[in-house]
Amino acid sequence: MSLEFVVKSQKLNKRYGETAALKDVNITVKKGSIYGLVGNNGAGKTTFLKVLTGQTRADSGTFTLLGEDNEAGYRKVRRQTGAIIENPGFYPKLTAKQNLEYYRIQRGIPGKEIVDEMLRMVGLEHAAKKKFENLSLGMKQRLGLALALMGEPEFLILDEPINGLDPSGIIEIRNLLLKLNREKNVTILISSHILTELENIATDYGFLNKGELVEEVTAERLKEKCRTFLEVKVTDAAAYAALLETELLCSKYKVLPGNCIHILEHVDRVSDYSALAVKHDIGLLAFEMKEINLENYYMNLIGAENQTDDSQEWGVTL
């Protein structure tokens, strides 16, 4: 039977003193996906990744990793997992190449040529003889990725992998990750504070806030939520909403406090929406085209304490 999920956690909890780093976290990473883990500093992203890689243990809860659900199984499948979490343990006085060669031998990976191949893959062949302590932050990130890729893992766990990279470096790493995912079916779990970059590669998202999983959503579903919309402010939102449905056959809208309505479909019909208010003597107070990006969506998500279900907020279930 083929593996459907690479990671599936159930009610994972982890505390550091009085601080709850993870609270009943249920995360599912589908095989073949690129899962973007989103959260502010202290949200629990790194703690969750450390639990998966065995760098720390959860206080309670369970998880499966590549089909295994116990310590003996974890040790076995972690050989098929590559990871960058915080700062990889490289030796400052050794060169980039010597560091990779050390870990190649330690891990029992055959063939010296794999070291040069990994350096080329992450664009570090020119820095092979540079000591680690003399590498830039971006180069250190690339070397960490090269180490994670040694052994051809089927699952990559990457904590802020593009931190310190310049724009061209970010594009190179993005293309490399997409190639690994599409051509070799490598599943990738990636955390990043550069949310615009996650939008370019992620197929699924998990939003963490203060140790809790606020939402898990596919990129396709998120794209529907982060669409362009019209914000209309009128003197009577209830009457205007009813007219949207009966006269313009518009059902994808959201009524907000303050007589504000967000219209999500046919946003190019600006004149029709404004004429509707004029025709029925409803005061038109404001009319503006807006767009929600991933960063705005996340901030709205963690700031909405009394958020209701979409099926209750929208004119119809989307």
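Taking Gly61, is it at pLDDT 95 or above and either farther than 17 Å from Ile188 by Cα or not in a strand (DSSP E or B) (or both)? Break it down into steps so the answer makes sense when it comes.
Working: at pLDDT 95 or above: yes; either farther than 17 Å from Ile188 by Cα or not in a strand (DSSP E or B) (or both): yes.
So Gly61 passes the test.
Given the conditions (1) in a loop (DSSP other than H, G, I, E, B); (2) over 19 Å from the mean Cα position of the chain (by Cα); (3) under 29 Å from Gly303 (Cα atoms); (4) not charged (D, E, K, R), and given that Asn13 satisfies all but one, which numbered condition is not satisfied?
Every listed condition holds for Asn13 apart from (1).
Which residue, of Glu101, Glu117, is closer than 14 Å to Leu176 by Cα and more than 27 Å from the chain's Cα centre (by Cα)?
Details: Glu101 fails: closer than 14 Å to Leu176 by Cα.
Testing whether each residue is closer than 14 Å to Leu176 by Cα and more than 27 Å from the chain's Cα centre (by Cα) leaves just Glu117.
Filter the range 284-298 down to residues that are loosely packed, with under 13 Cβ neighbours inside 10 Å and among the hydrophobic types (A, V, I, L, M, F, W, C) and give me whichever is farthest from Lys233 (Cα to Cα). Steps first, please.
Taking the range 284-298 and keeping what is loosely packed, with under 13 Cβ neighbours inside 10 Å, we get 286, 288-291, 293.
Those still in the list that are among the hydrophobic types (A, V, I, L, M, F, W, C) too: 286, 289.
Working: Ala286: 5, Met289: 12 Å.
Ranking the qualifying residues of the range 284-298, first place goes to Met289.
Go through (1) closer than 12 Å to Ala83 by Cα; (2) free of Cβ contacts under 8 Å to residues at least 60 places away in the same chain; (3) of a type in the set (S, T, N, Q) for Ser191 and report which single condition fails.
Tallying (1) closer than 12 Å to Ala83 by Cα; (2) free of Cβ contacts under 8 Å to residues at least 60 places away in the same chain; (3) of a type in the set (S, T, N, Q), Ser191 fails exactly one: (2).
Kindly list the number of the only condition in (1) of a type in the set (A, V, I, L, M); (2) at pLDDT below 90; (3) open to solvent by less than 20 Å² (accessible area, probe 1.4 Å) that fails for Ile194.
The one condition Ile194 does not meet is (3).
For the range 201-283, which fully contained strands (runs of 3 or more DSSP E) count at least 2 residues that are under 30 Å from Lys8 (Cα atoms) and open to solvent by less than 60 Å² (accessible area, probe 1.4 Å)?
204-209, 212-218
Mind counting the residues in the range 2-46 that are on the phi < 0 side of the Ramachandran plot and open to solvent by 20 Å² or more (accessible area, probe 1.4 Å)?
21
Taking only pairs six or more apart or across chains, which ones have beta-carbon atoms under 7 Å, a first residue in the range 258-286 that is aliphatic (A, V, I, L, M), and a second residue that is surrounded by fewer than 14 Cβ atoms within 10 Å (Cβ to Cβ) and assigned to a strand (DSSP E or B)?
Hits for this filter: Val267/Thr228; Val267/Met289.
Taking the criterion of being of a type in the set (A, V, I, L, M), under 30 Å from Asn134 (Cβ atoms) and either over 20 Å from the mean Cα position of the chain (by Cα) or in a strand (DSSP E or B) (or both), would at least one residue in the range 76-93 satisfy it?
Filtering the range 76-93 down to residues of a type in the set (A, V, I, L, M) leaves 77, 83-85.
This time we only want the ones that are under 30 Å from Asn134 (Cβ atoms), so: 83-85.
From what's left, either over 20 Å from the mean Cα position of the chain (by Cα) or in a strand (DSSP E or B) (or both): 83-84.
Yes: one or more hits.
The values are calculated or read from the model by the stated rules, or taken from the named source; none is laboratory data. Please read all numbers here as calculations on a predicted model, not as lab measurements. Please note: Cβ atoms are built from the backbone with ideal geometry, for glycine as well, and neighbour counts cover all protein chains shown. Just the protein is used for accessible areas: all its heavy atoms, side chains included, with ligands, DNA and RNA removed. Shrake-Rupley method; radii C 1.70, N 1.55, O 1.52, S 1.80 Å.
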